[in-house]
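Note sheet for the following structure.
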Amino acid sequence: MIDGKKCIGILTSGGDAPGMNDAIRAVVRTALHNDMIPMGIIKGYNGLLEKNYKIMDSASVSNILKKGGTILFTARCKEFYEAKYREIAYQNALEAGMDGLVVIGGDGSYNGARYLSELGLPCIGIPGTIDNDIACTEYTIGFDTAMNTIVEAVDRLNDTSQSHLRCTVVEVMGRHAGHMALNTGVACGAVAIVTEEAPLDINQICERIFHAMERGKHHYIIMVSEGVGETERMARDIQSLTGIDTRASILGHVQRGGSPTLRDRVVASEMGNYAVHLLAQGIGNRVVAMKDNKIVDYDIQEALQMKKGLDMNLYRVMEEII
Ligand code: ADP
């Protein structure tokens, strides 16, 4: 408590994602609207250890809706894997007057939130990652923006690929999850989508190229999820097996940046608002998630044990419309 008012901490942790700022803004503005004091913590859990935090006001989140990245900075914090540092972070949070904490990040960050909740600081996780690889939620903040960035880039690659009658093997992010590769592959008319969940060997990839060729196609996009790896080698093998000029294109960190799309702005705003309402009721150790397009919440431990697969129906659709 600060001056008799509840104080809500907010931090971003793990990889950054467009839309995190929109969630921060929603947390700050919702807290203020409900007569609570928002406190921004800098550089993820490191900020709690280094006592690097500041009280925020409405103006401190002005004009950030359209800004990519996170104004609070994000980081990994290896000390947090050790109980003694989590205890220090907890004590610092108490000393600063925090009554609750919102953590925007992925599964790893939720683990930290769970420990702090167990120590006595109610924490709420918000799913922020471009990869959409958090099992408990249909949607993670940043997913839509990153995929739109990929689609724009691949459309450009397609133009040049088309002019040179070429095959382009595009590697997209997603860590060990193929959601980005699958959705962008469908959206960009890829002739093959290769993910860890639904792998294809080199012969299967070439078959799909020949199949598309038989239908009159002269340029080909192969979408590969980063977890599959060996993108350069895949391009070399395709070229030697098909005789088609083939290039690898690894999109890299450009996928993380940019102004959030409408979907990310809206979902981030809803989730930030929801998280503060949970804390206002004294509820902690929960994660905010999307289920059937509605915002819901789960126990963190329960959320961490959930499993989420790829949308195999979308795979089937893609196979039928090559
Ligand atoms: P993400 O949140 O995107 O999954 P990480 O897995 O890198 O990213 O986790 C971000 C941070 O969360 C870590 O640097 C660490 O500070 C904290 N964290 C991750 N896993 C744990 C854990 N098992 N126990 C405590 N803290 C953790």
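Selection of segment 239-264 for residues being under 16 Å from the mean Cα position of the chain (by Cα) and assigned to a helix (DSSP H, G or I) yields G252, H253, V254, Q255, R256, L262, R263, D264. If only residues of segment 34-53 that are hydrophobic (A, V, I, L, M, F, W, C) and outside any loop (DSSP other than H, G, I, E, B) are counted, the one that is farthest from the ligand (Cβ to nearest atom) is I37. Residue check: H176 meets all listed conditions (1) open to solvent by less than 20 Å² (accessible area, probe 1.4 Å); (2) within 16 Å of the ligand (Cβ to nearest atom) but one, namely (1). State which residue is surrounded by the fewest Cβ atoms within 10 Å (Cβ to Cβ) when the search covers only segment 234-267 and only residues that are among the hydrophobic types (A, V, I, L, M, F, W, C) and either within 26 Å of Q204 (Cβ to Cβ) or in contact with a Lys or Arg (Cβ under 8 Å, 6 or more places away or on another chain) (or both). Of everything passing the filter in segment 234-267, I250 is surrounded by the fewest Cβ atoms within 10 Å (Cβ to Cβ).
Here is a yes/no grid of residues against (1) within 19 Å of the chain's Cα centre (by Cα); (2) of a type in the set (D, E, K, R):
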| position | (1), (2) |
| --- | --- |
| G4 | no, no |
| D22 | yes, yes |
| L49 | no, no |
| S62 | no, no |
| G69 | yes, no |
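Against the list (1) touching a residue at least 60 places away in the same chain (Cβ under 8 Å); (2) under 16 Å from Y110 (Cβ atoms), the condition Y274 fails is (1). Can you confirm whether N158 is open to solvent by less than 40 Å² (accessible area, probe 1.4 Å) and away from the ligand (no atom under 16 Å from the Cβ)? Here the answer is yes, as N158 does meet what is asked.
Residues of segment 41-56 that are surrounded by fewer than 17 Cβ atoms within 10 Å (Cβ to Cβ) and either closer than 23 Å to A17 by Cα or in contact with a strand residue (DSSP E or B) (Cβ under 8 Å, 6 or more places away or on another chain) (or both): N52, K54, I55. Test N132 against the stated conditions and say whether it is near the ligand (Cβ under 8 Å from one of its atoms) and either at pLDDT 95 or above or in contact with a His (Cβ under 8 Å, 6 or more places away or on another chain) (or both). The answer is no for N132.
V186: open to solvent by 30 Å² or more (accessible area, probe 1.4 Å), closer than 30 Å to K67 by Cβ, touching a strand residue (DSSP E or B) at 6+ places or on another chain (Cβ under 9 Å) and at pLDDT 95 or above, yes or no? So V186 fits the description; yes. Identify all residues within segment 4-29 that are within 20 Å of A93 (Cα to Cα), modelled with pLDDT of 95 or more and outside any strand (DSSP E or B); write none if there are none. G4, K6, S13, I24, V27, V28 - these are the residues of segment 4-29 that are within 20 Å of A93 (Cα to Cα), modelled with pLDDT of 95 or more and outside any strand (DSSP E or B).
Restricting segment 1-15 to residues that are surrounded by 24 or more Cβ atoms within 10 Å (Cβ to Cβ) and within 16 Å of the ligand (Cβ to nearest atom) leaves a set whose member that is nearest to G174 (Cα to Cα) is S13.
Looking for something part of a helix (DSSP H, G or I), within 14 Å of the ligand (Cβ to nearest atom) and in contact with an Asp or Glu (Cβ under 9 Å, 6 or more places away or on another chain) - is there at least one such residue anywhere in segment 54-70? For segment 54-70, residues part of a helix (DSSP H, G or I), within 14 Å of the ligand (Cβ to nearest atom) and in contact with an Asp or Glu (Cβ under 9 Å, 6 or more places away or on another chain): absent. The selection criterion, being open to solvent by 80 Å² or more (accessible area, probe 1.4 Å), free of Cβ contacts under 8 Å to residues at least 12 places away in the same chain and farther than 19 Å from M173 by Cβ, holds for E214.
Among the conditions (1) at pLDDT 95 or above; (2) closer than 24 Å to D264 by Cα; (3) not acidic (D, E), L49 misses just one, which is (2).
Residue check: D144 meets all listed conditions (1) surrounded by fewer than 20 Cβ atoms within 10 Å (Cβ to Cβ); (2) away from the ligand (no atom under 16 Å from the Cβ); (3) charged (D, E, K, R); (4) not in a loop (DSSP other than H, G, I, E, B) but one, namely (1). Checking each residue in segment 74-122 for being in a helix (DSSP H, G or I), under 30 Å from Y139 (Cα atoms) and either open to solvent by less than 50 Å² (accessible area, probe 1.4 Å) or away from the ligand (no atom under 13 Å from the Cβ) (or both) picks out F80, R86, A89, Y90, A93, S109, Y110, G112, A113, R114, L116, S117.
The values are calculated or read from the model by the stated rules, or taken from the named source; none is laboratory data. This one's a predicted model, so the numbers in the text were calculated from it and none came from an experiment. So basically every Cβ, Gly included, is an ideal-geometry build from the backbone, and we count neighbours across all protein chains shown. Side chains are part of the model used for accessible areas, which takes the heavy atoms of the whole protein and leaves out ligands, DNA and RNA. Shrake-Rupley method; radii C 1.70, N 1.55, O 1.52, S 1.80 Å.
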